[in-house]
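First comes the structure, then the notes that go with it.
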Amino acid sequence: RAKEAGKNQYQFFDEETDRLLVRKLELERDLRKALINEELVIYYQPKWDAESNCVSGMEALMRWHHPQLGTIMPIEFIPIAEETGLIVAMTRWMIREVCKQNAEWQLHNLVHVCVSVNMSVRVFESGELTEMVVEALKAFAIKPGDLELEITESIAMYDLKDTIQQLRKLKELGVRVSMDDFGTGYSSLGSLDELPIDALKIDQNFIRQSGLPSKQAIISTIITIANLLNLEVIAEGVETEEQIGFLKSRGCRVMQGYYYGKPMDAKAVEAWLLHAANSVKEEVTVEVASA
Ligand code: C2E
Ligand code: MG
Ligand code: MG
Ligand code: MG
């Protein structure tokens, strides 16, 4: 009987593996057309300054509205985009669209903040990033400081010398750079002082577990490092008032997470800016920092 069950289980995994492989091949085939068919959509998630109680930025996050399969999340299609190299064209499009959208928001006096775009190793490898950025800024007359590039520790460490060189050029233009998911990646701690960046984003896994003294110690250390290196610090994945209270007590003022707002399409974020933003404006009590 055990043998029988084992066999069934094996068949189950086998079918599951086949199904996933078929879906992957399907997505790979369709992703090539997604850009020209206008199936890629940009969602925006607000970054909130909890000290002055205002929106201090937005992060652009990609979604794929597949005509048959529905909405596909980045965790599934970004790796495919990276493997196929399509990520370079997709990022070029993303940077352009974000600048275009930001120009429109500024023109209509809806909001004037910096909007960030997530980067990939492949984009740095392509050697096209600076040119993409220059082109987009020029096309929509966007101030360089209104565009931010989010890199990760693995991007930084992939080819450290080259990353630093490319980031220097981008910094000379006046574009902002932040380090995403800080504390979880292939550690860049030893090179952090050499990287021309403006901000550290504390990884959401730490925030999720910020009730644990050990995680609190890590969060506090990241905030201290940021302060000492003159970097801004932002907390990702903030969902509760307890987390906000703790983060504020440790001197972190900028937050991003479902508590403030989920990623929304352009229309929804416009509505959020006009109305919903007010509902998160009430003060969250600051926890007294323990000695
Ligand atoms: P990320 O850049 O670290 O983005 C944060 C992710 O956490 C987003 O997931 C966001 O929706 C989610 N998030 C934000 N606040 C909360 C919260 O309070 N709770 C929880 N549970 N989640 C929260 P998303 O949009 O699925 O993106 C996942 C990752 O995919 C991103 O992580 C980024 O690494 C990548 N990605 C997304 N768009 C792009 C893109 O245009 N280009 C590249 N290269 N990567 C992208
Ligand atoms: Mg990010
Ligand atoms: Mg992140
Ligand atoms: Mg991430």
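Straight-line reach only, C-alpha to C-alpha below 26 angstrom: list the lysines that LYS248 could link to, leaving out same-chain residues fewer than 8 apart.
Cross-link targets: LYS47, LYS201, LYS215, LYS262, LYS281.
Only bridges whose two residues both fall in the range 45-168 count here: according to DSSP, what percent of them are antiparallel, nearest 5?
In the range 45-168, DSSP labels about 50 percent of beta bridges as antiparallel.
Would you tell me the accessible area of CYS54, worked out with a 1.4 angstrom probe on the heavy atoms of the protein chains, in Å² to the nearest 10?
That residue has around 50 Å² of solvent-accessible surface.
Between the range 135-202 and the range 36-110, how far is it from one alpha carbon centroid to the other, in angstrom?
18
Each residue of the range 240-247 in turn: what ³J(HN,Hα) in whole Hz from Karplus with 6.51, -1.76, 1.60 and θ = phi - 60°, glycine and Pro shown as x?
Those phi angles translate into 10, 5, 4, 4, 5, x, 4, 4 Hz.
Using the beta-carbon distance between GLU131 and LYS262 and R0 = 41 Å, what value does 1/(1 + (r/R0)^6) give for FRET efficiency, to the nearest 0.05?
0.80
As a test, work out the antiparallel percent of DSSP beta bridges whose residues both lie in the chain, rounded to the nearest 5.
Bridges in the chain are about 45 percent antiparallel.
Search the structure for amide H atoms under 5 Å from the amide H of GLU59, placed 1.01 Å from N in the peptide plane, and list their residues when 5 or more places away or on another chain.
Hits under the 5 Å cutoff: GLN45, LYS47, SER116.
Just the C-alpha atoms of the range 38-188: what Rg/Rh do they give, with Rh taken as the Kirkwood radius?
Looking at the range 38-188, the ratio lands at 0.96.
Would the range 205-267 count as rounded, prolate or oblate if I go by the C-alpha gyration tensor, calling it rounded below 1.5 in a/c and otherwise prolate when a/b exceeds b/c, oblate otherwise?
Oblate, since a/c reaches 1.5 and b/c is not below a/b.
Find, to one decimal place in angstroms, the Kirkwood hydrodynamic radius of the chain, where the mean of 1/r is taken over every pair of different Cα atoms and then inverted.
Computed over Cα pairs of the chain, the Kirkwood hydrodynamic radius comes out at 20.6 Å.
So who's got an amide H within less than 5 Å of the one on CYS54, skipping anything under 5 residues away but keeping other chains? H placed 1.01 Å off N, in plane.
Distant-sequence amide H within range of CYS54: ASP49.
Need one number: convex hull volume per residue for the range 55-116, Cα atoms only, in Å³.
106
Which distance in nm do the two modelled labels at ALA271 and ARG168 give, with both placed 7 Å along the Cα-to-Cβ direction?
The modelled label-to-label distance comes out at 4.8 nm.
To check you understand DSSP bridge types, tell me what percent of the beta bridges within the range 18-80 (both residues inside) are antiparallel, rounded to 5.
100
The values are calculated or read from the model by the stated rules, or taken from the named source; none is laboratory data. Treat the numbers as computed from the prediction; the structure is a model and nothing was measured. Don't worry about glycine lacking a Cβ; one is built from the backbone with ideal geometry, like all the others, and counts go over all protein chains shown. Surface accessibility is based on the protein's heavy atoms, side chains included, excluding ligands, DNA and RNA. Shrake-Rupley method; radii C 1.70, N 1.55, O 1.52, S 1.80 Å.
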